[in-house]
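The values are calculated or read from the model by the stated rules, or taken from the named source; none is laboratory data. All values reported here derive from a predicted model rather than from experimental measurement. Backbone-built Cβ (ideal geometry, glycine too); neighbour counts: all protein chains shown.
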Amino acid sequence: MNLWISESSASRQTALAVGCTLVGLLLAIGFRNFPGSGSNALAGFMLGMLLLAIGVAGFLTGGKQTVTIEPGRRRILVEDQAALGTRKRTILFSDIQDIGIGFLGKRSNAVMFYYLDLRLRDGTRYPLFAPGRFFPGSSDRAVVEGWRERLRQYLAAGAEP
């Protein structure tokens, strides 16, 4: 079976962080506390500060995530490269108990991100192709169902009877 490598879109994450930062700055400056401006100005200022904090956190934690599924070695490697450093995680096929599909968002907002929800034998869950990382196809449930089926085939290929 073939090696499967997928990379997230760091540029889309950066664009989101820039957008939050700029809108946050505009709101914080535009609604700074003017005498007699009331609670609406405070709410606008606080929203601006929240968006600014989200934008800065996006710069620090955002980056590129690379998921490498190695059927021959029966493992999944996840590498996160961010401003704060690089983290690596290895998940052995034998540690995966089940593969579900998770989602983030609302249909009413027309923004949905799907991901593989790995349930591991130790009881923990791990979001593979994590939402907010902007993996190509993550907004299409049918694509993510295809990912799940492909991973299930990889898991079954070397499983002991």
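From the set of residues in the stretch 55-104 that are closer than 30 Å to Gly19 by Cα and among the acidic types (Asp, Glu), which is surrounded by the most Cβ atoms within 10 Å (Cβ to Cβ)? Going through the qualifying residues, I end up with Asp80.
Of all residues in the stretch 116-161, those that are buried (at least 16 other Cβ atoms within 10 Å of the Cβ), among the hydroxyl-bearing types (Ser, Thr, Tyr) and free of Cβ contacts under 8 Å to residues at least 60 places away in the same chain total 3. Of all residues in the stretch 54-70, those satisfying the criterion of being under 19 Å from Gln13 (Cβ atoms) and part of a strand (DSSP E or B) are Gly63, Lys64, Gln65, Thr66, Val67.
Based on what the data block shows, is Gly102 in contact (Cβ under 8 Å) with a residue 60 or more places away in the chain and under 25 Å from Gly146 (Cβ atoms)? So Gly102 does not fit the description; no. Only a single item in (1) modelled with pLDDT under 90; (2) in a loop (DSSP other than H, G, I, E, B); (3) among the basic types (Lys, Arg) is not met by Arg73, and it is number (1). Filtering the stretch 98-138 to residues that are out of contact with any Ser or Thr (no Cβ under 7 Å at 6 or more places or on another chain), among the hydrophobic types (A, V, I, L, M, F, W, C), modelled with pLDDT of 80 or more and in a strand (DSSP E or B) leaves Ile99, Ile101, Phe103, Leu104, Leu116, Leu118, Leu120, Leu128.
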